[in-house]
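Read the figures in this text as sums done on the coordinates, not as results from a lab. Since we're looking at a predicted model, the values are computed, not measured. For neighbour counting, all protein chains shown are included, and Cβ atoms are generated from backbone atoms with ideal geometry for every residue, glycine included.
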Amino acid sequence: MTYSARIKELNETIAANGAPWAAIDAESAARMVVQNRFPTGLDIAKYTAKIMRADMEAYDRDPANYTQSLGTWHGFIAQQKLISIKKHFGNTKRRYLYLSGWMVAALRSEFGPLPDQSMHEKTSVSSLIGELYTFLKQADARELGGLFRELDAAKAAGDAVATHRLLRQIDEHETHVVPIIADIDAGFGNAEATYLLAKKMIEAGACALQIENQVSDEKQCGHQDGKVTVPHEDFLQKIRAIRYAFLELGVPDGIIVARTDSLGAGLTKQIAYSTEPGDLGDQYNAFLDCDEVDPSDIKNGQVFISRDGKLLAPKRLPSNLYQFRSGTGEDRCVLDCITSLQNGADLLWIETEKPHIEQIAGMVDRIREVIPNAKLVYNNSPSFNWTLNFRQQVYDAWEAAGKDVSAYDRAKLMSIDYDATDLAAEADEKIRTFQRDAAKRAGIFHHLITLPTYHTAALSTDNLAKEYFGDQAMLGYVKNVQREEIRQGIACVKHQNMSGSDIGDDHKEYFAGEAALKAGGAANTMNQFAAA
C-alpha cells in the first residue's frame, strides 16, 4: 500500500469513529505505520527467510551471487553496519548479520566474560536477536522521519516536483532489516530444549539457525581443542526439533545451518546405536579407535563393540570419552554433511583449522557427489592468522613450482620485514579474493566473520586511549574521531538524532500539537552539525 493510500484508509477509519477520534491526524498515524513496517519478530522472520531462499536460488544459478555478513553483539553495532552498507552500496542486497554465540558468551552474559562453552544464559541469544531488530527498525524510522520532514518542507514551498520525488522515495524505501543467521550452539540441552530455544529465537526474528554437532554440556569453541561430537541420530533429532519450531510458528521457509566440528574433534561421548552392518550408527562407530580383544583377557570396566565377528574395545579415556582414529576427521565431516542434508538441513558449516580453499573444496566435492546443490556457510574466523596462513600458502606454492624462496623464512613470514615483498603482495591478493574464489570453487554460499566488531572495538578504543590520555589529549578525540565522522559522513556524529530525539519530537507534535515541548530547537547543539 502506498503512503498516500494509507493516509486515505486511516482518514476513513478516523471518520468512522466520530468525534472521540477527531484530534487524530491521519497523515501522522500513517507515518507511524510506515515507520514500523514489521510489528513483530515473526513478521521479520517470514520476510527475511524469503530473502535468504531467493539468495540461495540465485547462488545455485551463479556462485558469484554469494552472500556475506559480519558478526555483531549489540543493536547499535548492527544498526551502524546497515546504515553504512546502505550509504556505501545503495542497498542491502546479499548482506546479512551474524549473531555469534561466542560474542554472546564473551560480552552479553550476566556472569561476565565467558568462554564459548554454552555457559551463558540461553535466553540471552533470543534477547539479543530482538535487540538487533529493534535497532534496525529504529534506523528505518529515523531515515523515513527525515524524508517526512523533507516532504513537509517541499509541500510548504509548493514544490510539486520535490513532493512527487519524496513520495516515491517513501513508497520505495528499503528497510535496514536483513536476515540474521543466529547461533544456537549445540542446542543448550536435549532436543526439547533445542526446540524451545529455537521458538524463542524465531519469535524474536531469526530466519536462520545454526546448530553444531558437539555435545551440549561439553561444547567448545570450534577453534579450540577438546571438542566432543555426538552420534548422528542425536544431532538429527535437534535438526528436526528446529524444523518443527519453524513450522509451528508459520515460517516454513526457515533455514537450518548444520555445522560439523568433526574435523577438529577427536572425541565422542557415546557409542552410536546400531542394529545392522552399514547403518548410520555402525558408520559412526567405525571411526572409533579400537583394539581387538582376546575374550580370555577382558579387563575390568572395559566396553566392547562387535564388528565383522571380532570383539573390539574402543579406547576410553579417564573422562569417560571415546577416541576416534587419527586422520578420520575429513571422512567424518563428509558423512556428517551428507546425513544432515538428507535429514532436513538446508546449509552446511564445516569448521576448519585454517582458511584453505582446496581443503574445503575437497570435502565439498565429495558431498556434492551425493547432493549436487550442497552449499556452505563459512566462518572467515579471526581465530585464523590470515596473514601468516596465506603467506605460507604462497611460499609453499612457489617452492613446489621451483621458485627461489631462499629470501624467506617460512616460520617467520608474519614479520613486518616481509610486508613490502612480492610474496606478501600475492598473499594479500589471495586474501582479497578468498571469498569470491571459495564461493566458486568450494561451494560457499555465505561468508561471515564471527567476531569482527569485538576486535574493531578493542582496536579503536586502544587507539583513542593512547591519544587522549597522552600528549594529544582532546585533539586525540577530535582529530581521529569527530573530525573523521564529519569528513566521512558517519551518521552518528549527530548522536542525538541517532538516539531517536527527532523521532521523539515528531511524536510529541502528533500527541500534543502546538503544546509540544520539542528538543530540536535553536538551543540544540546538534545544529552545529547541520552541514556535516
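Helix 3-16 and the long axis of the chain differ in direction by around 70°, with both axes built from C-alpha atoms. Among the chymotrypsin sites (Phe, Trp or Tyr not before Pro) in segment 91-183, those located in a DSSP loop and surrounded by at most 11 other Cβ atoms within 10 Å of their own Cβ are Phe111. Distant-in-sequence amide contacts of Trp349, defined by a placed amide H-H separation under 5 Å and a gap of 5 or more residues or a different chain, comprise Ala258, Arg259, Thr260, Val377.
Using a simple spin-label model with pseudo-atoms 7 Å out from Cα toward Cβ, Arg483 and Ile24 lie 5.3 nm apart.
Annotation: aspartates and glutamates with alpha-carbon distance below 12 angstrom to Lys269 (same-chain offsets under eight excluded): Asp217, Glu218, Asp234.
Taking other residues whose beta carbon is less than 15 angstrom from the beta carbon of Ile242, and scoring Lys, Arg as +1 and Asp, Glu as -1, yields -2.
Below 9 angstrom from the Cβ of Pro277, what's the summed charge of the other residues (Lys, Arg +1; Asp, Glu -1)? Once positives and negatives cancel, what remains is -3. Could you please state, rounded to a whole Å, how far the C-alpha centre of segment 322-336 is from the C-alpha centre of segment 7-75? After rounding, the separation between the Cα centres reads 45 Å.
Each label point was placed 7 Å from the Cα along the Cα-to-Cβ direction; for Glu57 and Ala5 their separation is 2.3 nm. For Thr123 and Glu429, FRET efficiency with R0 = 41 Å and r from the beta-carbon atoms, rounded to 0.05? Efficiency, from the Cβ-Cβ distance: 0.40. Note the angle between two axes, namely the Cα long axis of helix 357-368 and the longest principal axis of the Cα atoms of the chain, as a number of degrees from 0 to 90, rounded to the nearest 10. The angle comes out at about 80 degrees.
Within the shell defined by Cβ-Cβ distances under 14 Å, the residues around Glu426 carry a net charge of -3, with Lys and Arg each +1 and Asp and Glu each -1. Given the pairs Lys137/Lys199; Lys238/Lys375; Lys93/Lys508; Lys479/Lys508; Lys8/Lys137, which span a C-alpha to C-alpha distance of over 28 angstrom in this model? Cα-Cα > 28 Å for Lys93/Lys508; Lys479/Lys508; rest within. Here the gap between Glu509 and Asp297, fully extended at 0.36 nm per residue and compared with their Cα-Cα distance, gives a gain of 67.6 nm.
For the pair Asn385 and Met414, the difference between a 0.36 nm per residue extended length and the Cα-Cα distance amounts to 9.6 nm.
Over the chain, DSSP H runs of length four or greater, each weighted -39,500 (n - 2.57), average out per residue to a 222 nm ellipticity of -15000 deg cm²/dmol. Label positions at Lys440 and Met32, each projected 7 Å from the Cα along the C-beta direction, are separated by 5.3 nm. Applying 1/(1 + (r/R0)^6) with r as the Cβ-Cβ distance of Tyr273 and Lys93 and R0 = 35 angstrom yields a FRET efficiency of 0.15.
In loop segments of segment 283-364 as defined by DSSP, the trypsin sites (Lys or Arg not before Pro) with at most 12 further C-beta atoms inside 10 Å of their C-beta are Lys299.
Axis of helix 386-400 versus longest Cα principal axis of the chain: the two differ by about 50°, to the nearest ten degrees.
I need the calculated FRET efficiency for the pair His455 and Glu330, taking r as the beta carbon distance and R₀ as 30 Å, to the nearest 0.05. So the FRET efficiency works out to roughly 0.50. Among the trypsin sites (Lys or Arg not before Pro) in segment 373-449, those located in a DSSP loop and surrounded by at most 16 other Cβ atoms within 10 Å of their own Cβ are Lys403. Per residue, the average separation of C-alpha pairs within less than 8 Å and at least 6 apart gives segment 297-440 a relative contact order of 17 percent.
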